[in-house]
1. One residue is enough: does region 166-185 have a residue meeting the conditions exposed (fewer than 15 other Cβ atoms within 10 Å of the Cβ), modelled with pLDDT under 85 and farther than 26 Å from residue 27 by Cα?
2. Within region 227-248, take every residue that is part of a loop (DSSP other than H, G, I, E, B) and more than 21 Å from the chain's Cα centre (by Cα) and give me the one that is modelled with the lowest pLDDT.
3. Quick one: which residue in 120, 201, 210 is out of contact with any helix residue (DSSP H, G or I) (no Cβ under 7 Å at 6 or more places or on another chain) and either at pLDDT 95 or above or not assigned by TED's automatic domain parsing to the domain that holds residue 93 (or both)?
4. What tally of residues in region 146-162 results from selecting those that are surrounded by 19 or more Cβ atoms within 10 Å (Cβ to Cβ), under 19 Å from the mean Cα position of the chain (by Cα) and part of a strand (DSSP E or B)?
5. Test residue 47 against the criterion of being under 20 Å from residue 116 (Cβ atoms) and in contact with a helix residue (DSSP H, G or I) (Cβ under 7 Å, 6 or more places away or on another chain), and give yes or no.
6. Among residues belonging to region 59-94 that are in a loop (DSSP other than H, G, I, E, B) and at pLDDT 90 or above, point out the one that is surrounded by the most Cβ atoms within 10 Å (Cβ to Cβ).
7. Taking the condition of being in contact (Cβ under 8 Å) with a residue 40 or more places away in the chain, in a loop (DSSP other than H, G, I, E, B), surrounded by fewer than 18 Cβ atoms within 10 Å (Cβ to Cβ) and in contact with a strand residue (DSSP E or B) (Cβ under 9 Å, 6 or more places away or on another chain), how many residues in region 39-58 meet it?
8. For residues that are touching a helix residue (DSSP H, G or I) at 6+ places or on another chain (Cβ under 7 Å) and in a strand (DSSP E or B), scanning just region 13-38, find the one that is surrounded by the fewest Cβ atoms within 10 Å (Cβ to Cβ).
């Protein structure tokens with residue numbers, strides 16, 4: 001996926017940072033090695049103008065110069081709440097944690113409505129980063145992978161590992177884990193709803209789910225090479241085959 005500024009291309013997306021409390025993407029990490037080497041460039045969905053899935057492009061409300069002059073961190077440094085606060089102040093974004101307790105986007109359906117409400121004075125950045133506790137920001141690259149992906153632990157044992165994520169671009173919620181079951185189910189890929197995740201063990205690199213191995217086996221299969229979007233039929237198959245409802 002490529003990021004398009006108002007005056008040209010910024011670069012490709014090399015990682016996503018998501019909030020593990022709401023399973024919501026908070027930032028796209030832009031690959032800017034050609035023009036800003038050694039820096040970590042983060043862009044919030046709040047700044048997106050249009051997401052063109054057909055052309056694999058995200059358009060943002062910012063010029064290349066604006067992005068270049070933002071308060072970036074070194075590439076290998078963790079993202080602190082203070083850094084997020086500085087970015088929000090620089091770009092004029094609302095801080096998503098000001099609406100915590102009201103859902104992923106402060107009671108609004110998506111980041112675009114949340115940003116509009118902030119611009120119209122309906123919400124304020126009234127919670128300081130210094131007042132917050134544990135950070136819930138995680139890297140998708142850290143969790144997924146062909147060989148390094150976190151293991152999926154069903155109620156009765158391991159069943160696969162996280163290969164990728166399926167995201168709803170209208171609200172940037174991670175709806176499903178794409179799970180590869182090569183060592184268990186002859187190389188199949190299945191979808192597991194994030195609502196069925198009961199815990200992530202960061203130390204052991206495991207995702208614990210509220211499903212049995214048989215329920216996972218009967219789930220909706222996915223061809224990761226097809227590049228087609230997940231449609232309603234796929235989702236219905238996920239829930240019908242496992243006989244579960246989204247617990248959120």
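1. yes
2. At the first step, the residues of region 227-248 found to be part of a loop (DSSP other than H, G, I, E, B) are 227-231, 243-248.
Right, trim to more than 21 Å from the chain's Cα centre (by Cα) and you get 243-245.
Details: 243: 60, 244: 57, 245: 50.
Here the residue is 245.
3. Working: 120 fails: either at pLDDT 95 or above or not assigned by TED's automatic domain parsing to the domain that holds residue 93 (or both); 210 fails: out of contact with any helix residue (DSSP H, G or I) (no Cβ under 7 Å at 6 or more places or on another chain).
The unique qualifying residue is 201.
4. So the answer is 3.
5. On the way: under 20 Å from residue 116 (Cβ atoms): yes; in contact with a helix residue (DSSP H, G or I) (Cβ under 7 Å, 6 or more places away or on another chain): yes.
So residue 47 fits the description; yes.
6. Here is the first cut: in region 59-94, the ones in a loop (DSSP other than H, G, I, E, B) are 61-63, 69-72, 75-80, 92-94.
From the residues that got through so far, the ones that are at pLDDT 90 or above too are 61-63, 69-70, 92-94.
Details: 61: 16, 62: 20, 63: 14, 69: 10, 70: 17, 92: 12, 93: 21, 94: 24.
By that ranking, first place goes to 94.
7. 1
8. 15
The values are calculated or read from the model by the stated rules, or taken from the named source; none is laboratory data. As the structure is a prediction and not an experimental result, all values here were calculated from the model. Here the Cβ is made from the backbone with ideal geometry for all residues, glycine too, and neighbour counts use every protein chain on show.
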